[in-house]
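The values are calculated or read from the model by the stated rules, or taken from the named source; none is laboratory data. This one's a predicted model, so the numbers in the text were calculated from it and none came from an experiment. Heads up, the Cβs are rebuilt from the backbone with ideal geometry, glycines too, and the neighbour counts pull from every protein chain shown. Side chains included, ligands, DNA and RNA excluded: accessible areas come from the protein's heavy atoms. Shrake-Rupley method; radii C 1.70, N 1.55, O 1.52, S 1.80 Å.
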Amino acid sequence: NAGVTQTPKFRVLKTGQSMTLLCAQDMNHEYMYWYRQDPGMGLRLIHYSVGEGTTAKGEVPDGYNVSRLKKQNFLLGLESAAPSQTSVYFCASSYGNRDSETQYFGPGTRLLVL
Amino acid sequence: EDKVVQSPLSLVVHEGDTVTLNCSYEVTNFRSLLWYKQEKKAPTFLFMLTSSGIEKKSGRLSSILDKKELSSILNITATQTGDSAIYLCAVTTPGTYKYIFGTGTRLKVLA
């Protein structure tokens, strides 16, 4: 039981390049989330998904796209990277029911855009 | 706009001290409040609090919700260097699937 995994762990991009971050969970969770964490800003929600095939915008969605084609995977795409997207990206998942609201986080992806 | 505010932003104490971290929230409807500890990498879950007002405890850590004051405190007694971390607070609201996070409190415990 690996929990929530993220790939890659670290990446350097040039401005304008594209990339996809992959999040996978093996806990059969319905809900999945992508956050970014910047110094002094806490965790800010980019996009989230409440089930396979569904996605929704969070607090800071601009410049990102997501897809949830399979229940266990949630992909975050950057079509044209900008230096402002330099950050640490965390994926999280949860059951999404009233009795169990804990989110489980992946180890993070550190992204540097030059 | 829903908001979660944590204080202090940072704190430095010595081993053995007791610390109290605060989390206050302004949300249209409240469902639960969660505390997480973040060391070098991913946040890990500590407690979930609801309107029941029941205090949660785990070893030297405890937390309680004050419904009137719309806030929660996280207490850590007899602090150790291993308690050094960022402590995050998040609030959930009914009917949404979002967790609203505060900016965190950075705690450093000196030997």
Item to check | First in the stretch B:3-14 and in contact (Cβ under 8 Å) with a residue 12 or more places away in the chain, second anywhere and open to solvent by 50 Å² or more (accessible area, probe 1.4 Å) and not in a strand (DSSP E or B), Cβ under 9 Å, 6 or more apart | outcome: B:Val4/B:Thr103; B:Val5/B:Thr103; B:Gln6/B:Thr103; B:Leu9/A:Gly40; B:Leu9/B:Thr103; B:His14/B:Ala111
Next on the checklist: Condition first: more than 11 Å from chain B (Cβ to nearest Cβ), open to solvent by 10 Å² or more (accessible area, probe 1.4 Å) and part of a strand (DSSP E or B). Can you find one or more residues in the stretch A:102-109 that meet it?
Outcome noted: no
Checklist outcome for this item: Of the residues in the stretch B:5-20 that are of a type in the set (A, V, I, L, M) and more than 14 Å from every other protein chain (Cβ to nearest Cβ), the one that is surrounded by the fewest Cβ atoms within 10 Å (Cβ to Cβ) is B:Val12
Checklist entry - Mind checking which residues of the stretch A:55-71 are without any contact (Cβ under 8 Å) to a residue 24 or more places away in the chain and either away from chain B (no Cβ under 14 Å) or among the hydroxyl-bearing types (Ser, Thr, Tyr) (or both)? => result A:Thr55, A:Asp62, A:Gly63, A:Asn65, A:Ser67, A:Leu69, A:Lys70
Next on the checklist: Given the criteria touching a residue at least 12 places away in the same chain (Cβ under 8 Å), among the aliphatic types (A, V, I, L, M) and within 11 Å of another protein chain (Cβ to nearest Cβ), does A:Val88 qualify?
Outcome noted: yes
Next on the checklist: Give me the residue from the stretch B:24-52 that is of a type outside the set (Val, Ile, Thr), surrounded by fewer than 18 Cβ atoms within 10 Å (Cβ to Cβ) and over 17 Å from B:Asn75 (Cα atoms) and, out of that set, nearest to the other protein chains (Cβ to nearest Cβ).
Outcome noted: B:Lys41
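One line per residue, one yes/no per condition, for (1) closer than 23 Å to A:Tyr31 by Cβ; (2) out of contact with any helix residue (DSSP H, G or I) (no Cβ under 9 Å at 6 or more places or on another chain):
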site: B:Lys37; (1), (2): yes, no
site: B:Leu49; (1), (2): yes, yes
site: B:Ile54; (1), (2): no, yes
site: B:Ser58; (1), (2): no, yes
site: B:Glu69; (1), (2): no, yes
site: B:Leu74; (1), (2): no, yes
site: B:Thr77; (1), (2): no, yes
site: B:Gln80; (1), (2): no, yes
site: B:Pro94; (1), (2): yes, yes
Checklist entry - Are any of the residues in the stretch A:69-77 at pLDDT below 95, more than 21 Å from B:Gly104 (Cβ to Cβ), assigned to a strand (DSSP E or B) and open to solvent by less than 40 Å² (accessible area, probe 1.4 Å)? => result no
Checklist entry - Got at least one residue in the stretch A:42-54 being aliphatic (A, V, I, L, M), over 18 Å from A:Lys9 (Cα atoms), touching a Leu at 6+ places or on another chain (Cβ under 8 Å) and at pLDDT 95 or above? => result yes
Checklist entry - Counting only residues that are open to solvent by 40 Å² or more (accessible area, probe 1.4 Å) and within 11 Å of chain B (Cβ to nearest Cβ), how many does the stretch A:36-54 have? => result 6
Checklist entry - Here are some residues: A:Lys57, A:Lys14. Which one is open to solvent by 60 Å² or more (accessible area, probe 1.4 Å), farther than 25 Å from B:Lys40 by Cβ and modelled with pLDDT of 95 or more? => result A:Lys14
Item to check | Single residue of the stretch B:75-111 satisfying the filter (facing chain A (nearest Cβ under 10 Å) and aromatic (Phe, Trp, Tyr)) that is surrounded by the fewest Cβ atoms within 10 Å (Cβ to Cβ) | outcome: B:Tyr97
Checklist entry - What is the one condition in (1) surrounded by fewer than 17 Cβ atoms within 10 Å (Cβ to Cβ); (2) closer than 15 Å to A:Gly96 by Cα that A:Tyr33 does not satisfy? => result (1)
